[in-house]
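See below for the structure under consideration.
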Amino acid sequence: MPKNDTSDIELLRTWTSTPAATLGSGVRAKGILLELRARLPMSSRKSLALETGEIVLAMPSSAKTEFQAAVGIVSTAMKDIESLPVIPREIQDILTMKQGERHRWLADGRLPSAGTRTVRLAGRARKITFHVFDPRVVEELLNNGAVDEWREDDIAAAAENRRRAAYKAKLTRSLKNGSKKSSTSRASARDGTDALVDWKEFGRDGLLR
């Protein structure tokens, strides 16, 4: 290719993905990239990439019109990127929680939902709905170590539940044993085994008069 042939010279534009946007999560950074790509025309999506903490748009010089349009879309989206809702896989990475913990803490109200989102799975007709989370709430939970406290609370609650279950089982056994003894006593009374046997002694005391 001649040196003066500039048809393959790329048009470049970069945007910095801030810690306030990614919350220190590589999964969140990838999620932001996917969200930005989803706002671009299909033909431009693969031109947007994530490189060392930066969002990079790269196109050949022959695609100047398409490039300018993509720059406008991404620039507008980046203004509000820090408020982009956090999706499940992102919050699990940010707060280092397991899926089961997310479900449990969401169900009992400790993990507040910011609403739901419905998406269609790629290449499928099926849609899925999931909870999303406010990034500022997630940041607060991250900074105050809430997840560690929740785990400690869960351990204490599990121990208390085991103690109560053991007490309930013991009480049930006691009631059953008491019922058996009562039945035995009633049966003994019916067959006379518990009748008074020393009548003479009671006679001397005048109890039979």
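Between residue 111 and 106, the built amide H atoms are under 5 Å apart, and every one of these is 5 or more places off in sequence or on another chain. Protection proxy ranking for 120-133, 145-158, 91-104, using the average of other Cβ atoms within 10 Å per residue and placing the highest first: 91-104, 145-158, 120-133.
Eigen-decomposition of the gyration tensor built on the alpha-carbon atoms of the range 8-82 gives equivalent ellipsoid semi-axes of 22, 12, 10 angstrom, largest listed first.
Centre-to-centre separation between the Cα atoms of the range 136-152 and those of the range 76-125: 15 Å.
Rounded if a/c is under 1.5, else prolate if a/b beats b/c, else oblate: with a ≥ b ≥ c from the C-alpha gyration tensor eigenvalues square-rooted, which is the range 1-133? Prolate, because a/c is 1.5 or more and a/b exceeds b/c.
Assign one of three labels to the range 85-175, namely rounded, prolate or oblate, based on the Cα gyration tensor with a ≥ b ≥ c the square roots of its eigenvalues; rounded applies when a/c is under 1.5, prolate when it is not and a/b is larger than b/c, and oblate otherwise. Oblate shape, in that a/c is at least 1.5 and b/c is the bigger or equal ratio.
Read the figures in this text as sums done on the coordinates, not as results from a lab. None of the values given here were measured: they were computed from a predicted structure. Note: ideal-geometry Cβ built from the backbone for every residue, glycine included; neighbour counts use all protein chains shown.
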